[in-house]
Amino acid sequence: MPSPETHLFSFALVGDTHVKPTSGDQSAPWKVNEKATARARFVAREMARYEPKFIIHLGDLVHPVPELATFGEAVQLTQDVFRQHHNKMHVLPGNHDIGDKPNRMMPAKGIRESWIDIHEATWGAGWRSFDEGGVRFVLLNNPILNSGLPREAQQYAWLEETLATAGDRRLFVFMHYPLYLLSADEPGTYDNIDEPARSRLLTLFERHKVEAVFAGHVHNIFYHRKAGAEFYVMMATSFVRQDYAEMFRIEAVHENGRDDAEKLGFAIVDVHSDGHVVHYIRSYGSELDEAAAAAPIARRSSLALPNPKRAAGAPIGVFLRHPWAETVRLPQNGPMDEFLRKEARNDYQVAALWRLGIRHLRVPVSDVMAPESRARMGDLAAIGHRFTVSGFGVPSGAVRDTVLATAPHIDRYEIVLPADEMTARREEIAAFRDALGRPVTLAPVATSADDVKVGSKIELFVSHGWSAARLGDIAALIETGIADGFVVRAGMGDDLPALARMLSDLGANHGRRFDLHLRIAANNPAANVRDDAAILRAVIELYVTALAFPDVAMFADPFMDIDRGYFVRHGLIDRRCNLRAAGCAVEALTAYLGQAAGRVPFALETQCASAATTFRLTGAGLAALIILPLDDRPLPLNEMHRAQMAAAPLVVPLDQPWAVSSLGTDPVSPRTGLPDRIEGPTMFIGRAASA
């Protein structure tokens, strides 16, 4: 598993900057395109914060295509934007740089030899390779594929030799167009490489055991695994392709989804001796003018960022209540694909999990039964995700067979049953557990049907797990040896640290594990829970409790908003897979505490006052004071707060996007000055006094 000890170097990936002159250019009818240059300038500065060894640009540097009069000016402006990276930026061509791939259905002119000549005179050879740290980096010009141009044959000959002579070097390949978006046998579209070039490249990559393939062009994130290789499709810095807004079951944002700014950014890739780790860094469409580009800003280390391939990360798991591996059939609509219907998988829930460092996922057994999500479980388990699969009843028949066949991807199986049936079905549960070879946990179904009714009121409540008041019911089940663990549910008003302490002690005394589920929902299906500030406080309480009691598995429910139907409530991300306030908090907490999560328990002190709740964490050489105001008024810092802080702490707002803050990643570097007050939930973190 990649770790700081196996890290070799890091590099940056950027693409689809679509730089354009700020005046006199009419190459785009959308207002958001006017922001592209300032957005590229912000990303150029942000990449420098991570001190990458080099940068690879995946193409579409400019927006005006070569036939337009403003093309040359846009190229010059792009050189200026990335001037600080001039000596270490490798550039490959995109369709806006040299023309579209050969296809008469495309909305712009195809590639021309003269346009390729201009590109290569400015940026260097259209295909090239270089070696670094035991890795061969292979950059391709793939708009020319299937063109029949002499350059195409020359590149193929060069590529075959370059791959064949790599020896024991690992292979990373870079291109503008993805080879495919959903499956290797999909039809040709505006957003992939057509046959026969696609199959030819895939065959070459499999033969030579290519480790990773990176592409741009689509302005959206996609991730695939095929024949041992990982395929990444990158976000853009400029705008989102609005045809893919169809993937989200909510109305499109600005300019029909084109300015969904939280989906913009770049990537940092950590190369380790035992693998690689890709971090998608969101820019939120932030802009920077030329005067501010050189201002100093705190450095960051990508080794502090979470990823499922690494140990630790966020100490909590989440419920994936929404489909998370579904194929979306996009409308037949030009100008990109007027004559066919594209299909794509929405990978943004997965990308959100990665940025928050969440590895442990709870899914229903129906996801195991669906071929596409079952296959996706295998992809994600291969990179470190853990799955708790839950279902009502003991699996039997085809369900049992499929679950057993999927056992390598399952961390544990949660059986939900009526409490009064559990003991009677002990032998059935034991037989399933033995066959599965994975831990099995039990949860009682909890419904309003069991409540004593008063008058005519009924709430139609359905959930699972023992409440804190019914923990005594578990004792008798523990003695039977019926299961490896038990599920307890909690609400937003429960004392999570006190409950977790009881579960931790109970588990230690009886050799059983406990799962604690934070249910962000009302008991009344008509009541909405959309108070983001209250949800943030509850999720932070769950997070710090999980740090203090790592032997109790804790889950937030739900991960994504339920914005229609019953039990409407907010989660960590909204229906566009952008972060809610609670998601921002998890991202920021994980940036500083995630590396230590699970290694050793943190000591946790809790104080509740009329104006704020505070949590003080100490462990792994760190001391963190988290202050959660109970309303939206500024909260003055008093002497009690200051006395509990580490010396010269880093001040981290928890309800704002951490990715675009000025904060570095080192929580213990010396600092001076503290604010007199805080405007919202805030963490003060630094070195523990005894460290």
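The values are calculated or read from the model by the stated rules, or taken from the named source; none is laboratory data. As the structure is a prediction and not an experimental result, all values here were calculated from the model. In this analysis, Cβ positions are derived from the backbone assuming ideal geometry, glycine residues included, and neighbour counts consider all displayed protein chains. We work out accessible area using only protein heavy atoms, side chains counted, and drop any ligands, DNA or RNA first. Shrake-Rupley method; radii C 1.70, N 1.55, O 1.52, S 1.80 Å.
Numbers for the structure displayed
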{"item": "Selection from region 672-691 of residues that are open to solvent by less than 70 Å² (accessible area, probe 1.4 Å), at pLDDT 90 or above and part of a loop (DSSP other than H, G, I, E, B)", "result": "680, 681"}
{"item": "Unique match (being touching a Phe, Trp or Tyr at 6+ places or on another chain (Cβ under 8 Å), more than 26 Å from residue 59 (Cα to Cα) and touching a residue at least 40 places away in the same chain (Cβ under 8 Å)) among 308, 331, 323", "result": "308"}
{"item": "Selected residue [among the hydrophobic types (A, V, I, L, M, F, W, C), in contact with a strand residue (DSSP E or B) (Cβ under 9 Å, 6 or more places away or on another chain) and either without any contact (Cβ under 8 Å) to a residue 24 or more places away in the chain or buried (at least 19 other Cβ atoms within 10 Å of the Cβ) (or both)] from 163, 145", "result": "163"}
{"item": "Only listed residue being at pLDDT 95 or above and in contact with a strand residue (DSSP E or B) (Cβ under 6 Å, 6 or more places away or on another chain), chosen from 123, 158", "result": "123"}
{"item": "Positions within region 528-583 being part of a strand (DSSP E or B), free of Cβ contacts under 8 Å to residues at least 60 places away in the same chain and open to solvent by 10 Å² or more (accessible area, probe 1.4 Å), in sequence order", "result": "529, 569"}
{"item": "Candidates 274, 260, 289, 270 - the one that is buried (at least 18 other Cβ atoms within 10 Å of the Cβ), farther than 23 Å from residue 190 by Cβ and of a type in the set (Asp, Glu)", "result": "270"}
{"item": "Count of region 482-498 residues which are open to solvent by 10 Å² or more (accessible area, probe 1.4 Å) and either within 22 Å of residue 432 (Cβ to Cβ) or among the charged types (D, E, K, R) (or both)", "result": "4"}
{"item": "Selection count where residues are within 27 Å of the chain's Cα centre (by Cα) and in a strand (DSSP E or B), scope region 508-525", "result": "6"}
{"item": "Residue within region 441-458 that is within 18 Å of residue 394 (Cβ to Cβ) and either among the β-branched types (Val, Ile, Thr) or open to solvent by 60 Å² or more (accessible area, probe 1.4 Å) (or both) present", "result": "yes"}
{"item": "Matching residues, region 166-181, being open to solvent by 10 Å² or more (accessible area, probe 1.4 Å) and under 16 Å from residue 229 (Cβ atoms)", "result": "169, 170, 180"}
{"item": "Residue in region 292-308 that is part of a helix (DSSP H, G or I), surrounded by 15 or more Cβ atoms within 10 Å (Cβ to Cβ) and in contact with a strand residue (DSSP E or B) (Cβ under 8 Å, 6 or more places away or on another chain) present", "result": "yes"}
{"item": "Matching option when the condition is crowded, with 16+ Cβ neighbours inside 10 Å and of a type in the set (A, V, I, L, M, F, W, C), among 630, 622", "result": "622"}
{"item": "Complete set of residues in region 81-124 that are assigned to a loop (DSSP other than H, G, I, E, B), open to solvent by 50 Å² or more (accessible area, probe 1.4 Å) and either of a type in the set (Phe, Trp, Tyr) or without any contact (Cβ under 8 Å) to a residue 12 or more places away in the chain (or both)", "result": "104"}
{"item": "Answer from 287, 262 - the residue that is out of contact with any His (no Cβ under 6 Å at 6 or more places or on another chain), at pLDDT 95 or above and more than 29 Å from residue 9 (Cβ to Cβ)", "result": "287"}
{"item": "So residue 227, is it open to solvent by 40 Å² or more (accessible area, probe 1.4 Å), closer than 28 Å to residue 373 by Cβ and without any contact (Cβ under 8 Å) to a residue 60 or more places away in the chain", "result": "yes"}
{"item": "Single unsatisfied condition, residue 465 versus (1) small (Gly, Ala, Ser); (2) in contact (Cβ under 8 Å) with a residue 40 or more places away in the chain; (3) open to solvent by 60 Å² or more (accessible area, probe 1.4 Å)", "result": "(3)"}
{"item": "Cβ pairs under 8 Å, 6+ apart, first in region 238-250 and in contact (Cβ under 8 Å) with a residue 24 or more places away in the chain, second polar (S, T, N, Q) and surrounded by fewer than 19 Cβ atoms within 10 Å (Cβ to Cβ)", "result": "243/333"}
{"item": "Region 310-326: number of residues that are at pLDDT below 95 and open to solvent by 30 Å² or more (accessible area, probe 1.4 Å)", "result": "2"}
{"item": "Considering residues of region 410-440 that are free of Cβ contacts under 8 Å to residues at least 40 places away in the same chain, out of contact with any Leu (no Cβ under 8 Å at 6 or more places or on another chain) and of a type outside the set (Asp, Glu) only, the residue least open to solvent (accessible area, probe 1.4 Å)", "result": "432"}
{"item": "Answer residue from region 321-350, given it is in contact with a Ser or Thr (Cβ under 6 Å, 6 or more places away or on another chain) and in a loop (DSSP other than H, G, I, E, B) and is nearest to residue 560 (Cα to Cα) among those", "result": "325"}
{"item": "Given (1) touching a residue at least 40 places away in the same chain (Cβ under 8 Å); (2) over 25 Å from residue 428 (Cα atoms); (3) not in a helix (DSSP H, G or I), number of the condition residue 483 does not satisfy", "result": "(2)"}
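Listed here are the residues, each with its yes/no results for (1) of a type in the set (A, V, I, L, M, F, W, C); (2) surrounded by fewer than 17 Cβ atoms within 10 Å (Cβ to Cβ); (3) without any contact (Cβ under 8 Å) to a residue 24 or more places away in the chain.
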position	(1), (2), (3)
6	no, yes, no
23	no, yes, yes
28	yes, no, no
40	yes, no, no
49	no, no, no
70	no, no, no
76	no, yes, yes
